[in-house]
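Single-structure report; data block below.
The values are calculated or read from the model by the stated rules, or taken from the named source; none is laboratory data. Computed from a prediction, not measured in an experiment: that's the story for all the values here. Here the Cβ positions follow ideal geometry from the backbone for every residue, glycine too, while neighbour counts run over all protein chains shown.
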Amino acid sequence: MNASQDTIYAQASEHISDFQFDSRVAGVFSDMIRRSVPGYTQIINTIGDFADRFVKPNTQVYDLGCSLGAATLSIRRQIQGRDCRIVAVDNSESMVVRCQENLNAYVSDTEVELICGDIRDIDIENASLVVLNFTLQFLPPEDRDALIAKIYQGLNPGGLLVLSEKIRFDDAPIQSVLEELHLDFKRANGYSELEISQKRSALENVMKPDTLSTHQQRLTHQGFSHFSTWFQCFNFASMVAIK
Ligand SMILES: C[S@@+](CC[C@H](N)C(=O)[O-])C[C@H]1O[C@@H](n2cnc3c(N)ncnc32)[C@H](O)[C@@H]1O
């Protein structure tokens, strides 16, 4: 993977435009997400472990908002020889181009269909695993229920959804302390105060986190029988729901 360093918000800018997954972001995304999301590497590795346990022969796996393909690669390593297909989807052309290069770098007997498109337009069928790794938070809140409903319909009984998100808290002191600890994590990873505040402005209109209870209610309302948060560090969490 491209290990170029993220310096996108290092210079002061008079006008901060809304964050986009454009070619500049795609070029440094690997570094950006590791330095910004606590536990990202563990989450990626564990998605592979979930795949090993849940992916059934002759079924499909969906990686929705696949970016550079980190989750797809982690899953593909674990499901060799099962005659499965992974459908990886992202609507950023720059991400998809780089994702294809990353997929080509490794040999596998598992087919990956890489689609440049909107996850709201993708059919989901015969799925044993669906992954939304830090993607749902970028959908307009009013579109989230419909996507989860579609995923539920497309999963086979016993199938798994892994949903990782930045989360917010209704409890103000908890929100405040966990947000501060996250900012300390970014500082410890070399981001300056300027970078942190400019990126925050860029994300303000495009990323709208939900609370853990909103996620749980949405998933159970759409029919998922089993739910748990399996990972949380500060204001980042990864959840699982089984159909
Ligand atoms: C934070 S990144 C996801 C990280 C990735 N899943 C991983 O594990 O490395 C969010 C991705 O979702 C994509 N995305 C956002 N909204 C989308 C949509 N409506 N349809 C398809 N992709 C979308 C973005 O282009 C971006 O690559």
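So that you can scan it fast, the table gives a plain yes or no per residue for (1) within 15 Å of ASP63 (Cα to Cα); (2) in contact (Cβ under 8 Å) with a residue 40 or more places away in the chain; (3) within 12 Å of the ligand (Cβ to nearest atom):
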site	(1), (2), (3)
CYS84	yes, yes, no
VAL107	no, no, no
GLU111	yes, no, no
ILE124	yes, yes, no
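Per-residue answers, yes or no, for (1) surrounded by 15 or more Cβ atoms within 10 Å (Cβ to Cβ); (2) closer than 18 Å to VAL25 by Cβ:
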| site | (1), (2) |
| --- | --- |
| ILE124 | yes, no |
| PRO140 | no, no |
| LYS166 | yes, yes |
| HIS182 | yes, no |
| GLN198 | yes, yes |
| LEU219 | yes, no |
| GLN222 | yes, no |
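When the range 210-243 is filtered for residues that are part of a loop (DSSP other than H, G, I, E, B) and on the phi < 0 side of the Ramachandran plot, the ones remaining, listed by number, are THR211, GLN222, PHE224, SER225, ASN235, LYS243.
Candidates ARG76, ARG120: the one that is among the charged types (D, E, K, R), within 30 Å of PHE234 (Cα to Cα) and away from the ligand (no atom under 13 Å from the Cβ) is ARG76. Per this entry, SER94 is counted among residues that are part of a helix (DSSP H, G or I), more than 8 Å from the ligand (Cβ to nearest atom) and either surrounded by 23 or more Cβ atoms within 10 Å (Cβ to Cβ) or in contact (Cβ under 8 Å) with a residue 60 or more places away in the chain (or both). Every condition in (1) part of a loop (DSSP other than H, G, I, E, B); (2) at pLDDT 95 or above; (3) surrounded by 14 or more Cβ atoms within 10 Å (Cβ to Cβ) is met by MET207 except one, and the failing one is (2). Among the residues of the range 63-70, is there at least one that is out of contact with any strand residue (DSSP E or B) (no Cβ under 8 Å at 6 or more places or on another chain) and more than 10 Å from the ligand (Cβ to nearest atom)? No, because not a single residue in the range 63-70 is out of contact with any strand residue (DSSP E or B) (no Cβ under 8 Å at 6 or more places or on another chain) and more than 10 Å from the ligand (Cβ to nearest atom).
For GLN42, the test of being over 23 Å from LYS208 (Cα atoms), more than 11 Å from the ligand (Cβ to nearest atom) and touching a strand residue (DSSP E or B) at 6+ places or on another chain (Cβ under 8 Å) is passed.
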